[in-house]
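Below is one structure. I have some questions about it.
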Amino acid sequence: MEWLLFIENDIFVMTIRLILAALLGGLIGIEREFHHHPAGFRTHLLVSVGACLIMLLAFYGFQDYLDANRDVVNFDPSRLAAYVVSGIGFLGAGTILVQGYTVRGLTTAASIWVVAAIGLTVGAGMYIAAIITTVIVILSLMFLGKLSLSFGDHHSKNELSILVDEDASQLSELINLFDEHEITLKSMKSEKQNIYNQNPMIEYRLLVEYTNESKIITVIDQLHKIPFVKRVTIDKDSNETS
């Protein structure tokens with residue numbers, strides 16, 4: 001009988017919920033850490049524990065005050081949870097990076113938002129729902145990112161490397177060329193190249209998506225004819241990571 005009383009003790013319940021929230025949030029964070037994303041193991045663990053703690057505060061923190069003022073106070077525990085759900089967006093926004101035409105960190109921001117919800121769910125004592133959600137999130141992060149979902153025509157992706165004269169280059173001209181041939185620019189990176197006895201160069205590495213092989217061949221031919229373009233190479237084995 002004593003062990004049953006111990007299990008029902010508020011301190012024991014809160015401890016179990018905080019530990020479970022840390023475990024579930026940490027599992028999702030490990031996946032993000034493994035793929036070198038801005039918010040990793042510690043961030044997800046802390047968000048989950050913090051959300052769980054706020055939910056516990058809503059349930060247990062004002063109990064004595066409520067008991068003493070039952071006739072005049074009407075308290076809704078979901079209010080604190082609502083503030084967590086809206087406030088966590090600021091932390092998620094900090095993981096989103098915009099680099100040129102590339103946006104990174106959206107999936108990590110979404111995982112942080114879900115982890116906060118998992119923490120709140122554990123804090124409310126809904127263990128099964130929290131565990132099921134954690135499994136779904138981990139599986140989606142691990143496997144769905146490797147799937148390329150497309151409808152209609154088959155889409156191919158390749159990485160182009162374009163070396164241009166820094167002083168004369170016009171990035172807008174390159175982008176317009178891709179647009180004219182219905183080639184989608186998925187991401188772009190640039191790096192300065194110092195080549196001996198030549199003008200300063202910039203190498204653009206572009207991940208492009210297209211439906212017709214002839215279109216990318218045409219674009220490459222036209223790129224070679226642009227005066228400030230010095231070299232164009234294509235990587236047929238390139239893969240996109242998210």
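The values are calculated or read from the model by the stated rules, or taken from the named source; none is laboratory data. Owing to the predicted nature of the structure, the values given are computational and were not obtained by experimental measurement. All Cβ positions, glycine included, derive from the backbone under ideal geometry; neighbour counts span all protein chains shown.
Each row is one residue, and each column tells you yes or no for (1) outside the structural domain of ALA130 (by TED's automatic domain parsing); (2) basic (Lys, Arg); (3) crowded, with 22+ Cβ neighbours inside 10 Å; (4) modelled with pLDDT under 85.
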| site | (1), (2), (3), (4) |
| --- | --- |
| ILE28 | no, no, yes, no |
| VAL47 | no, no, yes, no |
| LEU57 | no, no, no, no |
| ASP64 | no, no, no, yes |
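Let me ask you something else. If a residue has to be of a type in the set (Ser, Thr, Tyr) and part of a loop (DSSP other than H, G, I, E, B) to count, how many in the range 176-231 make the cut?
Of the residues in the range 176-231, 2 are of a type in the set (Ser, Thr, Tyr) and part of a loop (DSSP other than H, G, I, E, B).
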